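Below: one structure, written as structure tokens.
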Amino acid sequence: MAILSPLHLVGSPALPSLLVFLVALLLVYTLYQRRFHPLASLPGPYSASLSRLWITKHSWDGDMNTTMIDLHHKHGSLIRTGPNEISVSDLSAIKQIYGAGTKFVKSDWYSVWQGHRQYDLFGERNERKHAEQRRLVSRAYAMESLKDLEPYVDDAVHVFLDHMSELSGRVVDMGNWVQLFAFDVIGEITFSKRFGFMDAAGDDGSFKQIERALVSAAWVGQVPWLYWTLDALTPYIGNHLGIAARHGTLRRFAVQEITARQDRGGHQQDILSKLKAVQKAKPDEMDENAVASMATSNLFAGSDTTAISIRAIIYYLLKNPHCKRKLIEEIDHFNREGKLSDPVKLGEADAMPYLQAVMYEALRLHPAVGMSLPRVTPPGGANVADHYIPAGTVIGVNPWVIHRNKSICGEDVESFRPERWMDEEKKGDMQRFFFAFGAGARTCIGRNISWMEMSKLIPTLFLHYNLELSEPEKEWTMRCYWFVMQTGVNVHLTKRGATE
Ligand code: HEM
């Protein structure tokens, strides 16, 4: 029997009919998506309504944060970003989609993060299972744990300042240094051991691996079927996607650190000791894999995010010298009154209103996550922003969009103006819709830890050093691969007192 190949069709009388059939199919599909699909009336890029190429391309290009701001600005509160996906900017959507008791669950985008893990707080899409898993570990990350973790952050702040002392008088890539700091802190609080990145003034390749994982997860998560096909073929073709590092190298690194930490022994109060205590008390619910998974999550979710946020705080302060001056006045005032330790304590920082306003404002303008947090509309559908959304539609809110809502933040949403957080009338609403850490049951478990890191590092740094951008007119650059990473925060650093 002859083997059929597409070449056999060339010159065949069947070819014209086949082409007509395919064109007709395409027309019917386009007509359906544009006229009859339940999302057909929603505005958005034309190509997005027909295929997932549009959203995959922008996730690949790394510009979803700014693209979504522009689209919502142009078209309003609901945008169709895929044949079956929408982005919403209506304020009420946060509570409806992410709030307590929500029936909206995480979309398949997260499946590429979870891979084959049984325990993965970030990627788990079964809400019941997630709630059980989160209950097990929540105490390790709660406010009451911060007093145990604060001394670890103090150690890292000391090391950071020692290095700044050596670099004083020079131009310093502060963007890089805060990343080295944030990683070393995660090592300290998780394993009672700095990774030594600050001492080496560089990392061991982890930054690149995490970046590759983010770049690949951002786009391949938009077409998860491709990820899972490649996953099934891995035994034959290997896995060349960067996201594999989250499941492979980084996880192995975390397991290595767990073993090393256990060999060192001692009576540490780090997160690992807290997780191990849960494992001992509930071995059936929390096994070795779950502990390794939490340690990997700390590395992955807790270091870049905090570095991005500290970078944003420093950048916006230096771009707005009057804000920097006001913060330094507050720091000096508290210092003169004897209300500051060195490094500054969390409780002391909490009492500094302008510092708090500065941190909120920097994370408002530059939340670490720049893509929509995608969820699936529950059975029966839902009315969102006065529009019926059918069951199974992927829907999400983008922190970059919601943080620029003029009815909440005022007309000057693009300006860095910490004072807006000191307006008692407005502050409540702004905090309610503050979305940098997500919301509801899936809100960031490390929020308190990262807030503590920022609260300690920023005032301690500005207490001792004067910072100026080395090229004040130049803007930083940013790329959005789930996290919005910045480059170009080069700073001229001098010891305070030396120049004043
Ligand atoms: C400024 C720093 C941080 C920011 C802006 C941030 C942001 C976020 C956001 C937006 C989410 C929700 C994601 C979603 O719904 O899809 C999240 C979840 C999460 N974050 Fe963070 N994060 C930060 C620091 C940390 C730290 C320090 C840790 C760990 C030590 C951490 C661990 C996690 C984990 C495990 C989740 C998943 C929680 C769950 O679903 O139960 N994050 N984070």
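For the reader, a short list of remarks on this structure follows.
- Within region 474-492, being within 21 Å of residue 326 (Cα to Cα) and either surrounded by fewer than 21 Cβ atoms within 10 Å (Cβ to Cβ) or out of contact with any helix residue (DSSP H, G or I) (no Cβ under 6 Å at 6 or more places or on another chain) (or both) holds for one residue alone: 492.
- Pairs are defined by a Cβ separation below 9 Å, a sequence spacing of at least 6 or placement on different chains, a first member in region 331-344 that is closer than 8 Å to residue 463 by Cβ, and a second member that is among the aliphatic types (A, V, I, L, M) and exposed (fewer than 14 other Cβ atoms within 10 Å of the Cβ); no pair meets this definition.
- Residue in region 35-46 that is under 28 Å from residue 220 (Cβ atoms), assigned to a helix (DSSP H, G or I) and modelled with pLDDT of 95 or more present: yes
- Residue, nearest to the chain's Cα centre (by Cα), within region 203-232, restricted to residues that are in a loop (DSSP other than H, G, I, E, B) and at pLDDT 95 or above: 221
For every residue, the table says whether it meets (1) of a type outside the set (Gly, Ala, Ser); (2) touching a helix residue (DSSP H, G or I) at 6+ places or on another chain (Cβ under 8 Å).
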{"position": "159", "(1), (2)": "yes, yes"}
{"position": "164", "(1), (2)": "yes, yes"}
{"position": "168", "(1), (2)": "no, no"}
{"position": "176", "(1), (2)": "yes, no"}
{"position": "181", "(1), (2)": "yes, yes"}
{"position": "184", "(1), (2)": "yes, yes"}
{"position": "187", "(1), (2)": "no, yes"}
{"position": "191", "(1), (2)": "yes, yes"}
{"position": "199", "(1), (2)": "yes, yes"}
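- Yes/no for residue 441 being buried (at least 22 other Cβ atoms within 10 Å of the Cβ) and within 11 Å of the ligand (Cβ to nearest atom): no
- Filter result for the condition that a residue is out of contact with any strand residue (DSSP E or B) (no Cβ under 7 Å at 6 or more places or on another chain), more than 30 Å from residue 57 (Cα to Cα) and among the polar types (S, T, N, Q), over 216, 168, 192, 206: 192
- Here residue 447 passes the criteria (1) under 30 Å from residue 51 (Cβ atoms); (2) within 13 Å of the ligand (Cβ to nearest atom); (3) without any contact (Cβ under 8 Å) to a residue 12 or more places away in the chain except the one numbered (1).
- Filtering region 233-289 to residues that are assigned to a loop (DSSP other than H, G, I, E, B), at pLDDT below 85 and under 19 Å from residue 189 (Cα atoms) leaves 265, 266, 267, 268.
- Qualifying residue in region 68-76 (condition: more than 15 Å from the ligand (Cβ to nearest atom), surrounded by fewer than 18 Cβ atoms within 10 Å (Cβ to Cβ) and not in a helix (DSSP H, G or I)): yes
- Within region 400-451, the set of residues being of a type in the set (S, T, N, Q) and under 23 Å from residue 90 (Cα atoms) comprises 405, 407, 415, 431, 443.
- Region 358-378 - residue that is away from the ligand (no atom under 12 Å from the Cβ) and either among the acidic types (Asp, Glu) or in contact with a Lys or Arg (Cβ under 8 Å, 6 or more places away or on another chain) (or both) and, of those, nearest to residue 222 (Cα to Cα): 376
- Any hit, region 306-329, residues being more than 12 Å from the ligand (Cβ to nearest atom), surrounded by 17 or more Cβ atoms within 10 Å (Cβ to Cβ) and polar (S, T, N, Q): yes
The values are calculated or read from the model by the stated rules, or taken from the named source; none is laboratory data. Worth saying up front: this structure is predicted, and the values here are computed from it rather than measured. Don't worry about glycine lacking a Cβ; one is built from the backbone with ideal geometry, like all the others, and counts go over all protein chains shown.
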